[in-house]
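**Q** Quick one: this structure, given as structure tokens, is what I'll be asking you about.
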Amino acid sequence: MKDINGEKFQVGDTLKVIKRGGHFRAGDVVVCNTNDGTRTCRFHRVGEDPKRNGWWCINYRLQKL
């Protein structure tokens, strides 16, 4: 998986939303909780329950922290 800069990240890594999309606004800090092998992964906001909250987001909208 790669972010907006082409930097690799893994499930459990924290990223910052750079481009708004879906349920996330620019500036949100999210954690990757599922990777299905595509350019889209499932994320939840820091502090949210990953089992209850989680949305799919295109990786190139995010930047690894």
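**Q** Which far-off residues, 5 or more places away or on another chain, put their amide H under 5 Å from the one on N33, with H placed in the peptide plane?
**A** For N33, whose amide H was placed from the backbone, the distant partners under 5 Å are G12, R42, F43, H44.
**Q** Solvent-accessible area per residue for the chain at a 1.4 Å probe radius, Å²?
**A** 63 Å²
**Q** Let me ask you something else. Residue by residue, what Karplus-based ³J(HN,Hα) values in Hz, rounded to whole numbers, does the stretch 50-65 have, using 6.51, -1.76 and 1.60 with θ = phi - 60° and x for Gly and Pro?
**A** Computed from phi, the couplings for the stretch 50-65 are x, 7, 8, 10, x, 9, 7, 9, 6, 4, 6, 8, 10, 10, 5, 9 Hz.
**Q** Would you list which lysines come within 20 Å of K8, measuring only between C-alpha atoms, while excluding same-chain residues fewer than 8 positions from it?
**A** List returned: K16, K19, K64.
**Q** Got a sec to turn the phi values of the stretch 35-41 into Karplus ³J(HN,Hα) couplings, 6.51 cos²θ - 1.76 cosθ + 1.60 with θ = phi - 60°, whole Hz, x for Gly and Pro?
**A** These are the phi-based 3J(HN,Hα) values: 10, 9, x, 10, 7, 10, 10 Hz.
**Q** For Kirkwood radius over Cα pairs in Å, which listed value, (1) 11.2; (2) 12.3; (3) 13.5, comes from the coordinates shown?
**A** Correct label is (1).
**Q** Modelling each spin label as a point 7 Å along the Cα-to-Cβ direction, I'd like the K8/Y60 distance in nm, to one decimal.
**A** 2.0 nm
**Q** Can I ask one more? Pulled fully out, how much extra length does the chain show between A26 and T38, if you take 0.36 nm times their separation in residues and subtract their Cα-Cα distance?
**A** Taking A26 through T38 to full extension adds about 2.1 nm, to one decimal.
**Q** Among T38, T14, what's the order by accessible area (1.4 angstrom probe), most exposed first?
**A** Descending order: T38, T14.
**Q** In terms of solvent-accessible area of protein heavy atoms at a 1.4 angstrom probe, what is the ranking of K2, K8, K51, K64, highest value first?
**A** Descending accessible area places them as K51, K8, K2, K64.
The values are calculated or read from the model by the stated rules, or taken from the named source; none is laboratory data. As the structure is a computational prediction, the values presented were derived from the model and not from experiment. Reconstructed Cβ throughout: ideal geometry from the backbone, glycine too, with neighbour counts over all protein chains shown. For accessibility, only protein heavy atoms count, side chains too; no ligands or nucleic acids. Shrake-Rupley method; radii C 1.70, N 1.55, O 1.52, S 1.80 Å.
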